[in-house]
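Derivation of every value follows stated rules applied to the coordinates shown; laboratory data play no part. Remember, it's a predicted structure, so these values are computed and weren't measured experimentally. Neighbour counts are summed over all protein chains in view; Cβ atoms, including those assigned to glycine, are modelled from backbone coordinates with ideal geometry.
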Amino acid sequence: MGENPTDLQSGRSNSSPLKQLATVIALRCVECASLYPGVSEHPRYRCDCGGVLDVEAKIHHPLQQGSTLQAGFETLATSKSEVKPFAGAHWRQLFEERASQSPTWPVNVVTQLPDSSGVWRYRELILPIPEQYIVSRPEGNTGLYPVGRENCGNHRAGHRQIGHYAGLDYLFLKHEGENPTGSFKDRGMTVGVTMANLLGARAVACASTGNTSASLASYAAQLGLPGIVFLPSTHVAAGKLAQSLAYGATTVQIEGDFDDAMRLVEQVCNELGIYLLNSLNPFRIEGQKAIGFELLQQLDWEAPDWLVLPAGNLGNTSAIGKAFRQAYQVGLIAHMPRIGAIQASGANPFFRSFLNGFVSREHVQAQTIATAIKIGDPVSYSRARQVIEESNGVVEEVSDEEILAAKSVIDRSGIGCEPASAATLAGARKLVERGIIKREERVVGILTGNLLKDSQTGIPQPKQGDAITASIEAVRRALANKISF
Ligand code: F0G
């Protein structure tokens, strides 16, 4: 079964950052609980049993000081039932101080960069790593828009339409499309590429429906490392493909779907010793936890009742659920929100498994206009199942028509998002209609990607012959037809 995680621990006082990191992190199989070293020369992405791995870290409590790396560290439990909450005041104080840094990050002041990042601000809960290895844009610091019928402030009549559509009084949308490459993937990628840096990787690779590849291409380019991305040859939004090509990643288009590309990239990375940066890589999940920490901080650590998000490969469901568990465990929040994971009905294997009480793991041949979540065999199934079960969460499905209708409400409010993100609003509305989410409950929905990622799907396209002559008379006529003052 698992290797002895102490193999790499012998050099506790050794200065090698890899050896130091190995003293505080290990990898635990989500299926059979085998334990592996957290870092090793040959990166491991799966357990011998085939299960996916989860980072288990000893967390350094901000109050406790110690001369050795081991001093003051505590291992967090892997499930909510083992939780032993203790005062979160010191954590809150630490994160508040860091968040009070100027949002315009200072150049030339390397040590302040991590505090400006919405990921590395929470570094004790993400990855305890020497700061000089961090590869950051910085990322995060995304908006949390109050859009409910009651919590939408003045001058936001457009935004309030979203609350009306969902039927919710207290709804917030966290727009992860405001990250540097336009999706939430940057939060996992900064940690993944930082690990690649620390490990001295020769190249990094991923399979993608478009956003992971755009993010990998950007962060690999920043570090000066070759990036390789595997994409389905069809159904990748043009904006995402353009990003990968523009950032200079080697782009391999596969005649197949995401699930084929995922299978192949895992094999090729193991064969050629390329560092794999899909969310199969557990350090990506650690970075994406920051979405959860940041939104909790924006809510002044008052946990919402629900967190609703689109679900494809299930990395994000796993990550945000883990963040909530850890935030609860260190005393940052008083209760864990329930998670609502929303799938497209043509790409709904997790929903099907949920319906059968997770008795069997389902697979489908995926088909949906929301190409980002067109995934039939999600890699993080077991991690996400744990999150749904322990948060008393639900999995819901929404049709393409429901996704497009919700997208048009978000777009017309002035906020905008890519199609997969709109599954959040479509799913929240459905869960309210079904009486699962109550109208007065506080709900945070995640918008995962920027409107500009996909400029076609669900967006009215200009028609040929729409242009008018460049004269004031023609402008008056055109406006008279379109607007009544
Ligand atoms: N929303 C967007 C915009 C995405 O790009 C993805 C996943 C998801 C939701 C689903 O998140 O996979 O963690 O459940 N995109 C991956 C990619 C698969 O390759 O960019 P998940």
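Worth pointing out:
- Span from the the stretch 219-264 Cα centroid across to the the stretch 379-409 one, whole angstrom: 25 Å
- In plain terms, the C-alpha convex hull of the stretch 412-452 casts an average shadow of 3.2 nm² when viewed from every direction.
- Whole-Å semi-axes of the stretch 195-354's equivalent ellipsoid (Cα gyration tensor): 30, 20, 14
- Nearest-20 debye value, the chain charge dipole, Cβ charges on Lys, Arg, Asp, Glu: 680 debye
- Per-bin percent of Cα-Cα distances, the stretch 140-265 [10 Å]: 13, 34, 24, 18, 10, 0
- For the chain, with +1 on Lys and Arg beta carbons and -1 on Asp and Glu, the positive-most of Pro419, Ala478, Leu53 along the dipole: Ala478
- Extension reserve of the Leu452-Ala89 stretch, reckoned as 0.36 nm per residue once the Cα distance is removed: 126.7 nm
- Each peptide in 283-292, 242-251, 210-219, 470-479 receives the mean, over its residues, of other Cβ atoms within 10 Å, and ordering these scores from highest gives 210-219, 283-292, 242-251, 470-479.
- Local net charge near Ser233, Cβ-Cβ under 12 Å (Lys/Arg +1, Asp/Glu -1): -3
- Here's the picture: a label point sits 7 Å out from the Cα of Asp466 along the beta-carbon direction, and within the stretch 384-412 the residues with their amide nitrogen under 17 Å of it are 408, 411-412.
- In terms of packing, defined here as the mean over residues of other Cβ atoms within 10 angstrom, the peptides 166-179, 146-159, 444-457 line up highest first as 166-179, 444-457, 146-159.
- Ranked list, fewest to most other Cβ atoms within 10 Å of each Cβ, for Cys206, Cys417: Cys417, Cys206
- Per-peptide average of other Cβ atoms within 10 Å, ordering 20-32, 356-368 highest first: 20-32, 356-368
- Note on His164/Leu245: beta-carbon distance plugged into 1/(1 + (r/R0)^6) with R0 of 56 Å gives a FRET efficiency of 0.90.
- The stretch 322-394: Rg to Rh, with Rh as the Kirkwood radius over Cα pairs: 1.04
- Per residue, the Cα convex hull of the chain amounts to 165 Å³.
- If you look at the Cα atoms of the stretch 374-470, you get an Rg and a Dmax of 17.0, 62 Å.
- Efficiency of FRET between Glu97 and Asn154 - r from beta-carbon atoms, R0 41 angstrom, step 0.05: 0.85
- Which of Gln456, Ile333, Phe358, positive extreme of dipole for the stretch 332-464 (C-beta unit charges): Ile333
- Sites Asn270 and Ile459 - FRET efficiency at Förster radius 56 Å, r taken between beta-carbons, to 0.05: 0.90
- Rounded to 5, percent antiparallel among DSSP beta bridges of the chain: 35 percent
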